[in-house]
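Accompanying notes for the structure given below.
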Amino acid sequence: MTATTPSSPRTRRRPAAAAAEPRSPARVWWRAYRHHLRLVRNAAIAWITALTAISAGVVATFDDRYATEAERQALTAMEGIPAFEALVGRYVQVATVEGLTLSRWGMFGILVAVWAMLSAVKLLRGAEEVGHVEALRAGLLTPWGLLASVLAALGTVYVLFAVAIGATHSALGMDAATSWALGGAVALLAATFAAAGALASQVAGARRQAVGIVGAFLGLTLGVRLMAAATGTAEWLWWATPFGWIGYLHEVDEARGAVFGSFAVLVIALVVAALMLARRELHAGLVGDGAEIATRPRSVRSQGGLAARLTAASAATWGIVLAVVGLAFGLLARDFSEAVADMPTMVQFAAEIGWIGIDTPEGVVAFVFVLVTLLLAALAAALVVGMREEEATWRIEHLLVRPVGRLRWLTSRVGLAAVALALLAAMTGVVAWLGTVIVGTPISFTDGLRAGLNAVPLAWLFLGLGVAVLGLAPRLTAPLTYGIVVAAFLLDFVGGFVDLPEAIIDLSPFRQLAAVPAADVDLGAALAMLAVGLAGAVIGVLAFCRRDLKEA
Amino acid sequence: MTSPGAPVVRLVELTKRYGRLTALDRFTLDIHEGEIVGLLGPNGAGKTTTLRTLLGLLKPSGGSAEIFGLDAWQQPVEAHRHLAFIPGEFAVWPQLSGGQILDLLGTVAGGYDKGYRDELVERFNFDPSKRGRSYSKGNRQKIAVIAALMTRAPLLVMDEPSSGLDPLMTAEFQECLREARAEGQTIFLSSHILSEVEAVCDRVAVLREGVCVEQGTLAELRHLHANTVEATYTGDPPDLDGVPGVEDAYVADGVIRLHVSGSPDALLKALAQASITGIQMREPSLEELFHAFYDDSADAA
Ligand SMILES: Nc1ncnc2c1ncn2[C@@H]1O[C@H](COP(=O)(O)OP(=O)(O)O)[C@@H](O)[C@H]1O
Ligand SMILES: [Mg+2]
């Protein structure tokens, strides 16, 4: 018989750990804030780095690229063309480094908005769906406090974003006031869409609904900008959308006060509305909580059926975006080509870098489909990340402990992803064709289809590379897979500006895209992409079948 | 195909390492048809690792695991035709309803008893019409339990199956296990609660830090069943030296703290010598038991 002292450290450890649980509302709130910050951290680092780098690239290379007066004149020639401004936003004073950089954010701003709204919805609605919030709220957190902690975490990220832009741009020699104004406005644009996402999350019952609502808001604000550009006269229309405000940061406009004031009013209004609607009940939404479903729901009766349903769910949202983008490009192809036709030097310059015939609708469709290709590559990455999510959440276990093999599980998911990518690529081409028909300068149906299908080998390439990452480094699936897409795109997009050797830029699959339908499909490049993609997929599947499953 | 006469589950020197950590160290165990075997161990002992390796989700670092004579890593699909699994935590597809998930898992498993499914839904008071994301942890666990039981698989593997179930549902679940035993199903379940294992198991393997420290029938592991006694007294302390079944006694300053295994009769008689002002008896946690029994042997070794 041994006698132990009552204060043995072993017996004391438990109560001490329990006491460490924060019990004051402020500490619970602080913990929630840090939790949310952690959740958005990796994506934030990637987005901020990428966007700041692209924009800084414009600043850093301006003097080299536009060294002569003639080159600056060519830039100025693009100012005030309605069809062009409809795509890229207000385009003024572009013969200066400040003006050109600010004007570029008409496009980059769309990326900022998409990132901000998705991250807000993800934190607020997504967290509920996976039950994180229940854990949080079991403590002393109110729905109001939870929302505030999410907004504070996102706000922290955007402040850092503003600092990153302001510091890099002014360090690279851009006017300091303009640099910091740009940083601040971009942060406010992000805050606007994050707040809109938060509001949508309070209104909607489910994540998909929330994304739909805030996506409609994005579409509306972009639509107003499009109208403002297209009418060319009604300046108040530019002021009716946050994407217009970004365009009024130019020094000549002398409107920075109004820009920041407008942003501040809108952000505060959205935040207040969201806070007022922050509800006591989990899962409840103003438009139905979506917890109850139809009395006779469509049943899912096989592993393949489930895979099809999950793939279709991801593809549907992206399909809508692609359809809108494809249609918009089709509708604008005529105006754009006609405007460019008046600038022979530009047509010639574009042809030299591979974009032949951009004074024809076919050439314009080929040119703008680079963006469609980027979207499809990003969708390929999203589909792979979706596969990884099944593993990370351990839902995959339900299937694999039953008579479903890993080989079958992964090949069916990858096969369906490949089919979805091909279908969406074809659909986007057809919708672009439809757009050109509507405005009365049709390209041929086959040309539209070819423009879409031209993106397929590239999308499949990224799908295959993503599967390789999933098999070999599962925990890095999201950052690496998206990272490869972004890196490849930037290599093509920025590589030329910063004088990288041709041989390296050529490594980017985006560089290998032929200007279809203005040119023929580059069969050699297409086959090479297919081969690399297939190799990646095979390696990934084999590795996946031989490794441990890994939780998040 | 399954080889007749082979044990339902056979672990031979099964080892699993995560990097430098050996989570499971040469674990050997046979489970025969109709047995209910418990895998007992505190958190982090390696129970989940054992079961995930048995199910082919993790690749063994050494040794082997077989189900009906089929290798767990090489032939998972064939092996899984004969078993059902209840995980400790069940993640749902947020967009599918409980009913849809049950239907899916039953069909993927190769068919299920619809009548029994309905009966289980009733008995566990489960509402299958909601979307997955709106289920609480307890309700998610019910999906796991119903999905596994409704297939009437010859082997049931469970990882802390009653975690998340309230006491009423836990009682219902144990009733289901007794029915399964009556039907001749073999059951392999893990738990960190001794009383839970006692309630249903014929045989127990005790895991501690990845090592199987004991294996045997419940009677053979009787010594594990101790109670913690805490009492206060005034006046002279009772003399507890040599009282049968008493371990780890601490007596001083009006406080008595000890473990007693087997019958408490002798202890009560010994305590009666002193003037006892309060007494409390409870089942110790597994961690406390392990300190009491295995640390001594570890110190001695
Ligand atoms: N994927 C993993 N990677 C590294 N260590 C792990 C992993 N899974 C479990 N462990 C460790 O292995 C040990 C056993 O864990 P586990 O099997 O989950 O125990 P139990 O289920 O008995 O609580 C623990 O120390 C745990 O931290
Ligand atoms: Mg466990």
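The values are calculated or read from the model by the stated rules, or taken from the named source; none is laboratory data. Quantities reported herein were computed from a predicted structural model and do not represent experimental measurements. Cβ coordinates were reconstructed from backbone atoms using ideal geometry, including for glycine residues, and neighbour counts include every protein chain displayed. Please note that ligands, DNA and RNA were not included when accessible areas were found on the heavy atoms of the full protein model with its side chains. Shrake-Rupley method; radii C 1.70, N 1.55, O 1.52, S 1.80 Å.
Partner chain Cβ atoms within 10 Å, averaged over the residues of B:250-256 - can you pull that number for me? Show your work: numbers first, answer last.
Working: counts 6, 1, 3, 1, 0, 1, 0.
For peptide B:250-256, the averaged partner shielding equals 2.
Quantify, in whole percent, the carbon and sulfur part of the accessible surface of the stretch A:305-552 (1.4 Å probe; protein heavy atoms only). Don't skip to the answer; put the middle values down first.
Numbers: 7030 of 9680 Å².
Carbon and sulfur atoms account for 73 percent of the accessible area of the stretch A:305-552.
Collect residues whose amide H, placed 1.01 Å from N in the peptide plane, falls under 5 Å from the amide H of B:VAL9; neighbours closer than 5 in sequence don't count.
B:ILE31, B:PHE68
Let me check something: with ligands and nucleic acids excluded, how do A:TYR33, A:TYR482 order by accessible area (1.4 Å probe), largest to smallest? Don't skip to the answer; put the middle values down first.
Working: A:TYR33 30, A:TYR482 85 Å².
Most to least solvent-accessible, the answer reads A:TYR482, A:TYR33.
Sorted by packing (mean other beta-carbon atoms within 10 Å per residue), highest first, where do B:121-127, A:375-381 land?
Values: B:121-127: 15.9, A:375-381: 25.0.
Averaged packing, sorted descending, gives the order A:375-381, B:121-127.
Just to be sure I understand the model, the point goes 7 Å from the Cα along the line to the Cβ. What's the resulting B:ALA272 to B:TYR18 distance in nm?
Distance between the two pseudo-spin positions: 5.2 nm.
Return the average number of partner chain Cβ atoms within 10 angstrom of each residue Cβ along peptide B:102-113.
Working: counts 0, 4, 11, 6, 2, 7, 13, 6, 2, 0, 0, 0.
If you average over the peptide's residues, the count of other-chain Cβ atoms is 4.
Gaussian network model of chain B, Cα springs within a sub-10 Å range: biggest mean-square fluctuation belongs to which of B:THR228, B:THR277, B:THR15?
Among B:THR228, B:THR277, B:THR15, the largest mean-square fluctuation in the Gaussian network model of chain B belongs to B:THR277.
Can you compute 3J(HN,Hα) from phi for each residue in the stretch B:193-199, using the Karplus curve 6.51 cos²θ - 1.76 cosθ + 1.60 with θ = phi - 60°, rounded to whole Hz and x for Gly and Pro?
Using θ = phi - 60°, the values come out as 10, 4, 5, 5, 5, 4, 5 Hz.
I'd like the mean, over residues of A:309-317, of how many other protein chain beta carbons sit within 10 Å of each residue's own Cβ. Each step should come with its number before you reach the end.
On the way: counts 5, 3, 0, 0, 1, 0, 0, 0, 0.
That works out to 1 on average.
Output the 0 to 90 degree angle, nearest 10, between the alpha-carbon long axis of helix B:98-108 and the longest principal axis computed from the alpha carbons of chain B.
Once rounded, one gets 70 degrees.
If I take R0 = 41 Å and measure r between the Cβ atoms of A:ALA351 and A:ARG41 in this structure, what FRET efficiency does the formula 1/(1 + (r/R0)^6) give, to the nearest 0.05? It would help to have the intermediate numbers written out before the result.
Values: r = 44 Å, r/R0 = 1.07.
Efficiency for this residue pair is about 0.40.
Mind pulling the angle between the C-alpha long axis of helix A:97-121 and the longest principal axis of chain A? Nearest 10 degrees, somewhere in 0 to 90.
30
Order the following by accessible area, largest value first: B:VAL12, A:VAL59. Probe radius 1.4 Å; ligands, DNA and RNA are ignored.
Working: B:VAL12 60, A:VAL59 10 Å².
Largest accessible area first, the residues go B:VAL12, A:VAL59.
For chain A, which span is the longest to avoid every loop-located (per DSSP) member of GluC sites (Glu not before Pro) having at most 10 other Cβ atoms inside 10 Å?
Details: sites that count: A:GLU254, A:GLU281.
Here the longest segment lacking exposed loop sites spans A:282-552.
Using mean Cβ contacts within 10 Å as the protection proxy, how do A:186-195, A:522-531 order, highest first?
Numbers: A:186-195: 26.7, A:522-531: 15.1.
The packing order, highest mean first, is A:186-195, A:522-531.
Would you mind finding the longest exposed-site-free stretch of chain A, with exposed trypsin sites (Lys or Arg not before Pro) meaning DSSP loop and at most 16 other Cβ atoms within 10 Å? The partial results should precede the final answer.
Numbers: sites that count: A:ARG23, A:ARG279, A:ARG280, A:ARG298, A:ARG301, A:ARG547, A:LYS550.
Looking at chain A, A:24-278 is the longest stretch - no exposed trypsin sites (Lys or Arg not before Pro) with at most 16 other Cβ atoms within 10 Å.
Given the DSSP H assignment, sum -39500 (n - 2.57) over each helix run of at least 4 residues in the protein assembly as shown and divide by its residue total; what's the result at 222 nm in deg cm²/dmol, nearest 500? Write out the running numbers ahead of the final one.
On the way: 33 runs with 493 residues, N = 853.
One gets -19000 deg cm²/dmol as the mean residue ellipticity at 222 nm.
Output the peptides B:198-205, B:66-73, B:175-182 sorted from most to least packed, where packing is the average of other Cβ atoms within 10 Å over each peptide's residues. Mind showing how you got there, number by number?
Working: B:198-205: 19.1, B:66-73: 21.4, B:175-182: 15.2.
Put in order of decreasing packing, that is B:66-73, B:198-205, B:175-182.
Computed on protein heavy atoms with a 1.4 Å probe, what is the summed buried accessible area for the chain pair A and B, in Å² to the nearest 100?
Numbers: alone 25770 and 14480 Å², together 35880 Å².
Separately minus together, A and B give about 4400 Å² buried.
With every protein chain left in place, what is the accessible area per residue of the stretch A:305-552 in square angstrom, probe 1.4 Å? The partial results should precede the final answer.
Numbers: 9680 Å² over 248 residues.
So the stretch A:305-552 comes to 39 Å² accessible per residue, rounded to a whole number.
Quick one: P(r) of the protein assembly as shown from all Cα-Cα pairs, 10 Å bins, percents rounded to integers, in order of increasing distance.
Histogramming the protein assembly as shown at 10 Å steps yields 2, 11, 18, 20, 17, 13, 9, 6, 3, 1, 0, 0 percent.
Just the number: Rg to Rh for the stretch B:114-269, Cα atoms, Kirkwood Rh, two decimals.
Working: Rg = 21.1 Å, Rh = 18.8 Å.
Here the Rg-to-Rh quotient is 1.12.
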